[in-house]
1. For W33, all conditions in the list (1) in contact with a strand residue (DSSP E or B) (Cβ under 7 Å, 6 or more places away or on another chain); (2) aromatic (F, W, Y); (3) surrounded by fewer than 17 Cβ atoms within 10 Å (Cβ to Cβ) hold save one; what is the number of the exception?
2. Checking V161 against (1) in the same structural domain as R93 (by TED's automatic domain parsing); (2) aliphatic (A, V, I, L, M); (3) surrounded by 14 or more Cβ atoms within 10 Å (Cβ to Cβ), which test does it fail?
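The values are calculated or read from the model by the stated rules, or taken from the named source; none is laboratory data. What you see is a predicted model, and the numbers here were worked out from it, not measured in a lab. Cβ: placed from backbone, ideal geometry, glycine included. Neighbour counts: every protein chain shown.
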Amino acid sequence: MNTASLHSIPRLVSIGPRVYIIAPNSMLRYNAWTHHVIPKSPMLVPRKKFASAVLFNKIYVAGGGGSRATSAVEEYDPEADTWRVVAHSQRRRYGCIGAAVDGIFYVIGGLKIGGACGNGNGGVEAHVYACSMDLYDVEERVWLRSRAVPGGGCVVAACAVAGFIYVLASHAVELSFWRFDARRKCGNGGGGGEGFGEWCRMISPPMPTQIRLDGTVRFCCVGVGNEVILVQVVGCIDDLLRRSGRSQRGLKEGLVLVYDSVGGEWSRAADLPEVIRRAACVSVEC
């Protein structure tokens, strides 16, 4: 197996106590109960910065790029340890985020890759990709209508919690936080599908308003129970303050914020004891 590829910003997903570490050319399975690590079959198409999620105990990946762009959506069967291509993406996204609710694989944000932009609309297309998401129904094997974040901006983090997709978007000088109703079926939080597709703007995370949130700041987002855990994994805000000529002390790299989806409030958790640049996060059943 190519262990060097594990340093190429792998994606993490979990099925029960098992964490799958998916790299461009390799994959590992880590058991959080036994602490055993074993190699598994790699994706059919090597890719970096792709979307990943779990539905019906199978892993789905889409988007990303590498030596060549691909539109292939792959499905991994843990029982058979095999990958197969099940669909092709409507948009080729690079740097996208994956989430899953009620049989739908959400491919969120990212940049446009591939294709010609000779019509002069390249910038418009890139913006559409950065603030939208594609929806793939894994049971029906069809794409549903794509959805755009109402406030625009660039999606920098997203995750699924209790039947909703929570999206954090950057607008260069501020962040906005949105909730998308992804409940299509009865019994998932009582939604019954009536509100499916509705967006609601939520309270933004309590970041200092004077900070310019440029490309040096990165976030990772994961759902745990009814909470959204937001982790700042790259970029020292103190450095941003110093470069802007401000003297006050900002928040350091490793900030952890928790959003209670029931109470609708943010709180600050303990900072990360050690920061791994461009880290990925995943929640595991214990």
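1. Going through the list (1) in contact with a strand residue (DSSP E or B) (Cβ under 7 Å, 6 or more places away or on another chain); (2) aromatic (F, W, Y); (3) surrounded by fewer than 17 Cβ atoms within 10 Å (Cβ to Cβ), W33 breaks only (1).
2. Exception for V161: condition (1).
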